[in-house]
Amino acid sequence: MKKALPIGVDNFAKIIRDGYYYIDKTMLIKELLDLKGEVNLITRPRRFGKTLNLSMLRYFFEDTGDEERNGQNRALFQGLKIMETDGGYTEQMGRYPVINLTLKSAEQPTFASAHRKLKREISEEFMRHRYVLESDKLGR
């Protein structure tokens with residue numbers, strides 16, 4: 001059976017789970033960890049996979065607050081290059097709250113509607129990670 005091309009698919013988990021063609025770019029994780037930059041700027045032309053790579057980073061680093069979901073995220077990387085790499089990179093999996101914002105939603109007809117949309121996204125990201133705040137209060 002032929003694999004489909006992931007045209008327009010920018011979600012790493014969907015590409016892996018649905019069996020799309022995927023060119024393994026997981027060594028970007030190693031590169032980012034090795035560089036230890038305080039800020040990393042990833043620039044590419046449109047349609048060059050920035051959102052897909054950011055999605056991959058989220059699934060790798062994010063602590064979802066749920067061990068089962070963290071395990072499902074870990075399973076996405078089985079058979080990919082980062083899992084074969086020595087150096088403790090996989091120890092970083094599922095350890096951090098990841099805030100994922102995209103300016104795609106800011107493409108609105110007015111500044112006010114773009115501002116509202118971004119505020120909503122920030123609020124949703126906060127709610128997604130409220131377990132971190134709650135567990136910190138409990139001394140996790």
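Suppose a student asked you for the relative contact order of the chain, using Cα pairs under 8 Å spaced at least 6 residues apart; what percent would you report?
21 percent
Under a crude label model (7 Å from the Cα following the beta-carbon direction), how far is V9 from F126 in nanometres?
3.5 nm
Once both labels are modelled 7 Å past Cα along the beta-carbon direction, what's the I99-E68 spacing in nm?
Rounded to a tenth, the inter-label distance reads 3.0 nm.
State the percentage of accessible surface on the chain attributable to carbon and sulfur atoms; use a 1.4 Å probe and exclude ligands, DNA and RNA.
54 percent
Name the most mobile residue of L52, L41, L103, meaning the one with the largest mean-square fluctuation, in a Gaussian network model of the chain with Cα contacts below 10 Å.
Answer for the Gaussian network model of the chain: L41.
Using a 1.4 angstrom probe with every protein chain in place, what is the largest-first accessible-area order of D66, D18?
Final ranking, largest accessible area leading: D18, D66.
Which residue, T110, T102, T51, has the most motion in a Gaussian network model of the chain that connects Cα atoms within less than 10 Å?
T110
Ignoring solvent entirely, what values of log10 I(q)/I(0) come out of the Debye formula for segment 45-97 at 0.13, 0.17, 0.18, 0.30 Å⁻¹ when each Cα is a single scatterer?
For the requested q values the scattering log ratios are -0.34, -0.56, -0.61, -1.20.
Roughly speaking, what is the centre-to-centre gap between segment 5-29 and segment 56-88 when only Cα atoms are used, to the nearest Å?
First find each Cα centre; the distance between them is then 14 Å.
Taking only Cα atoms and a 10 Å spring cutoff, compute GNM fluctuations for the chain and point out the largest among D86, D24, D63.
D86
In the chain, how does Rg compare with the Kirkwood Rh, expressed as the Rg/Rh ratio over alpha carbon atoms?
0.98
How large is the accessible surface per residue of the chain, computed with a 1.4 Å probe and reported in Å² as a whole number?
On a per-residue basis, the chain sits at 73 Å².
Across segment 9-22, in residue order, what do the Karplus-derived ³J(HN,Hα) couplings come to in whole Hz, using 6.51 cos²θ - 1.76 cosθ + 1.60 with θ = phi - 60° and x for Gly and Pro?
Listing the rounded values in order: 9, 10, 10, 4, 4, 4, 4, 5, 5, 8, x, 6, 4, 9 Hz.
The values are calculated or read from the model by the stated rules, or taken from the named source; none is laboratory data. None of these values were measured; they are calculated from a predicted model. Glycine gets a Cβ as well: all are built from the backbone with ideal geometry, and neighbour counts include every protein chain shown. Heavy atoms of the whole protein, side chains included, go into the accessibility calculation; ligands, DNA and RNA do not. Shrake-Rupley method; radii C 1.70, N 1.55, O 1.52, S 1.80 Å.
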